[in-house]
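Scroll down for the structure; my scribbles are underneath it.
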């Protein structure tokens, strides 16, 4: 198996306690390291940055110093895994703000091209999105059409050139017992070993 450069992005805004998403990230990292993959991590909640307020700021404003290493790590990675809890049917605002900040012109695409979105500078990378939620994952996938995950995949990740993009949806997290937790951590560890 080819060794991969893997970036794990933890999108849970709460760093005060350990959540399921943190345990799943740890399992993925453990599996990846055991297979010899290189692993880097970004904990979005530990980065200090303000939210973008205008198109002008996004196009011409300076990237916050706190996000320079994050951009470097994204450029370094061959595979990116994003972990987040479903909040009000979507990713937490802090994670969305992070993605808006780092996906700047000339980093994610060539703003000087006749069609700037034609040159996707993050092409050649794959991704996985791991989402935890209180509802049944099947209900979210079929009744709600997994709208926020599909939006992230289509409008951000694939738009920037990442492909393939896979997803892991984990529901009913408040009722999860130790047996189910063990099953999920083993699944994520195996995904880490396979760099998927």
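Key figures for this structure:
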read-out	value
Residue selected from the range 163-178 under the condition part of a loop (DSSP other than H, G, I, E, B) and free of Cβ contacts under 8 Å to residues at least 40 places away in the same chain, by the criterion nearest to residue 108 (Cα to Cα)	164
Failed condition for residue 79, given (1) buried (at least 17 other Cβ atoms within 10 Å of the Cβ); (2) at positive phi	(2)
Within the range 135-158, tally of residues that are closer than 23 Å to residue 125 by Cα and either in contact with a helix residue (DSSP H, G or I) (Cβ under 7 Å, 6 or more places away or on another chain) or at pLDDT below 90 (or both)	4
Top-ranked residue of the range 1-22 - restricted to ones that are out of contact with any strand residue (DSSP E or B) (no Cβ under 8 Å at 6 or more places or on another chain) and exposed (fewer than 13 other Cβ atoms within 10 Å of the Cβ), ranked as farthest from residue 188 (Cα to Cα)	16
From the options 68, 25, residue that is part of a helix (DSSP H, G or I) and exposed (fewer than 14 other Cβ atoms within 10 Å of the Cβ)	68
Test: residue in the range 80-97 that is part of a helix (DSSP H, G or I) and over 30 Å from residue 48 (Cβ atoms)	no
Test: residue in the range 71-78 that is in contact (Cβ under 8 Å) with a residue 40 or more places away in the chain, out of contact with any helix residue (DSSP H, G or I) (no Cβ under 6 Å at 6 or more places or on another chain) and under 20 Å from residue 149 (Cα atoms)	yes
Residue in the range 119-130 that is in a helix (DSSP H, G or I) and more than 15 Å from residue 7 (Cβ to Cβ) present	no
Matching residues in the range 67-89 - criterion: being under 27 Å from residue 136 (Cβ atoms) and over 13 Å from the mean Cα position of the chain (by Cα)	87, 88, 89
Output for the range 136-145, where each listed residue is surrounded by 15 or more Cβ atoms within 10 Å (Cβ to Cβ) and within 21 Å of residue 25 (Cα to Cα)	137
Subset of the range 94-134 that is touching a helix residue (DSSP H, G or I) at 6+ places or on another chain (Cβ under 7 Å), over 30 Å from residue 19 (Cα atoms) and surrounded by fewer than 19 Cβ atoms within 10 Å (Cβ to Cβ) - its residue that is modelled with the highest pLDDT	107
Residue within the range 41-49 that is crowded, with 21+ Cβ neighbours inside 10 Å and closer than 15 Å to residue 196 by Cβ present	no
Unique residue being assigned to a helix (DSSP H, G or I) and touching a residue at least 40 places away in the same chain (Cβ under 8 Å) when the list is 139, 181, 160	181
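The values are calculated or read from the model by the stated rules, or taken from the named source; none is laboratory data. All figures in this text were calculated on a predicted structure; none of them were measured in a lab. Glycine also receives a Cβ, built like all others from the backbone with ideal geometry; neighbour counts cover every protein chain displayed.
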